[in-house]
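The values are calculated or read from the model by the stated rules, or taken from the named source; none is laboratory data. Keep in mind the model is a prediction, meaning the values are calculated, not measured. Counting neighbours? That spans all protein chains shown, and the Cβs are built from the backbone with ideal geometry, glycine included.
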Amino acid sequence: MILLDTDVLIDLLRKYPPAAAWFNALNEDEELVVSGYVVMELIQGCRNKAEQERVKRELGVYGVIWLSPTDCDKALEVFAAYRLSHNAGLLDVLIGQSAVFLGEPLHTFNQRHYSFIPGIQTVQPYMKST
C-alpha cells in the first residue's frame, strides 16, 4: 500500500516528469491510497468547477481512506499538543494521523509538516529537480 500526500498528487496531476516516471515504475498490483483530507485539500485548491471535476475524475483511481473516531481523537491530541510549538496544521495532522492509523509511510516532500507526529514515517518517492 502506498499512501500519497497532497504535494505528490499535485505533481502527478501536473504530469511532473519525475513523478510520472516514479508512478509508471510502480508495480501494477500496488494499492495507491489517499486520505480523504488530501482529496479535500486538492478540491480546495481548484479555481473553478472544471478543475474540480478534473481532480475528482483523476483521483477516481485511488482508494480513499478516512480516520476512525478513535483516530480522530488521537489527531486532536496531537493537534492540541503541537499547534503552538510546531505550528501544526489541522489538515496536516489529520493526514499524518492517517499514515499512523494505517501503519504505512506517507509519501511526501513535506517532512517538516509531519515530523512531530508520534509514530509517523515519511518517504520521498522520487527526486525533485532543482
*Among the residues of segment 26-39, write down those that are in a helix (DSSP H, G or I), surrounded by fewer than 20 Cβ atoms within 10 Å (Cβ to Cβ) and either touching a Leu at 6+ places or on another chain (Cβ under 7 Å) or at pLDDT below 95 (or both).*
Val39
*Inspect segment 80-95 for any residue being at pLDDT 95 or above, of a type in the set (Asp, Glu) and more than 15 Å from Val33 (Cα to Cα) and give the result as yes or no.*
yes
*Quickly run through segment 96-130 and pick out the residues that are assigned to a helix (DSSP H, G or I), crowded, with 17+ Cβ neighbours inside 10 Å, in contact with a Leu (Cβ under 7 Å, 6 or more places away or on another chain) and not small (Gly, Ala, Ser).*
Gln97, Phe101, Tyr114
*Is it the case that some residue within segment 116-129 is modelled with pLDDT under 95 and among the polar types (S, T, N, Q)?*
yes
*Name every residue in segment 1-25 that is part of a loop (DSSP other than H, G, I, E, B) and among the aliphatic types (A, V, I, L, M), in order of residue number.*
Met1
